[in-house]
Amino acid sequence: MTAAGALTGGAAVATEGVILEPNQPKLVRLEIPLRRWPEAFDGITIAQLSDIHYDDHFSVVPLRHAVAAIRDLRPDLVVITGDFITIPPFNEYLHHAKPAAAAIEPCAQLLRQLHAPLGVVAALGNHDVDSDPERITDTLRAINIPVLRNSAFPLERSSFRIWLAGVDDLGSGKPDMDLTLKSVPREDAVVLLSHEPDYADEVAKYPVDLQLSGHSHGGQIRLPLLGAPWLPDGAKKYPWGLRKIGPVTLYTNAGLGTIRVPVRLNCPPEITLFTLRTLR
């Protein structure tokens, strides 16, 4: 390859990784049969977003695309599995993490465009909990997005019921499955929001049917044959995609925004649309 060819190829990769791929969310459609899923909720659709990491220059672009796409999809329920904002790197966050939560206000202005018959519901991620979780929670609740932190609530249809639950962040919070499921009858189906996917090893000890997670960004950069060179704690075992962990079906969303560098390679931002089926 000539030097000019190498430069052209490098420029193409840079354009794909820095300009195109981080801005164009990929829609992943999955149909998941669940053994305990009531027939009254057969065919329910859930759209998932994760890891928005809002900023006014980079992640705002895929977020706008994602909001428009979800509005067109018209899911029954929308869930957001944490990291709405980004704390500063390294030890600086000890002094500057709380002001970072200010990004939740412009983020919420976009998210308030989301509507679904069964609501829009969120859990917090490690960046949210490390900054100002009360401000983030209050801002989201003000636009009718409840935040689940070790809590659950029922969704009812034709006298049948499922539960939507969410745990506190694994890395920075205090996740408590016993508290989360305290009011949930063991025979009822449960969808759990947990920012970190590796928490599924603990969740598998409980009567949970589906866990939806994020945190990994899918690695953000994935190299041919090598995969992701770096993955965060809490997402090293189950960094991307659909898995079965004991009785629990787990899905790890590749995230919407980026962190530290606005680059994605072989790992586009993701919107996931689940259709949940009664296993017959």
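The values are calculated or read from the model by the stated rules, or taken from the named source; none is laboratory data. Since this is a predicted model, take the numbers as computed values, not measurements. Note: ideal-geometry Cβ built from the backbone for every residue, glycine included; neighbour counts use all protein chains shown.
Identification of helices (runs of 4 or more DSSP H) wholly contained in region 1-113 with 3 or more residues that are at pLDDT 95 or above and in contact with a Leu (Cβ under 9 Å, 6 or more places away or on another chain) yields 60-73, 104-111.
Within region 114-155, the set of residues being among the small types (Gly, Ala, Ser), within 21 Å of Ile46 (Cβ to Cβ) and crowded, with 21+ Cβ neighbours inside 10 Å comprises Ala122, Ala123, Gly125, Ala152. Given the structure, is Leu111 of a type outside the set (Lys, Arg), touching a helix residue (DSSP H, G or I) at 6+ places or on another chain (Cβ under 6 Å) and crowded, with 20+ Cβ neighbours inside 10 Å? Considered against the rule, which asks whether it is of a type outside the set (Lys, Arg), touching a helix residue (DSSP H, G or I) at 6+ places or on another chain (Cβ under 6 Å) and crowded, with 20+ Cβ neighbours inside 10 Å, Leu111 comes out as no.
Is at least one residue of region 219-234 buried (at least 16 other Cβ atoms within 10 Å of the Cβ), part of a strand (DSSP E or B) and not aliphatic (A, V, I, L, M)?
Taking every residue of region 219-234 in turn, none turns out to be buried (at least 16 other Cβ atoms within 10 Å of the Cβ), part of a strand (DSSP E or B) and not aliphatic (A, V, I, L, M).
Within the set Leu212, Leu179, Leu242, Leu256, the sole residue that is modelled with pLDDT of 95 or more, closer than 18 Å to Ala47 by Cα, surrounded by fewer than 17 Cβ atoms within 10 Å (Cβ to Cβ) and touching a strand residue (DSSP E or B) at 6+ places or on another chain (Cβ under 9 Å) turns out to be Leu242. The C-beta contact set for region 191-210 (first residue over 25 Å from Asp76 (Cα atoms), second residue of a type in the set (A, V, I, L, M, F, W, C) and part of a helix (DSSP H, G or I), distance under 9 angstrom, 6+ apart or interchain) comprises Tyr199/Met177; Glu202/Met177; Lys205/Met177; Tyr206/Met177.
Please enumerate the residues belonging to region 164-188 that are among the polar types (S, T, N, Q) and farther than 14 Å from Val203 by Cβ. Break it down into steps so the answer makes sense when it comes.
Initially, region 164-188 is screened for residues among the polar types (S, T, N, Q), giving 172, 180, 183.
Once the filter is applied, which keeps residues that are among the polar types (S, T, N, Q) and farther than 14 Å from Val203 by Cβ, region 164-188 yields Ser172, Ser183.
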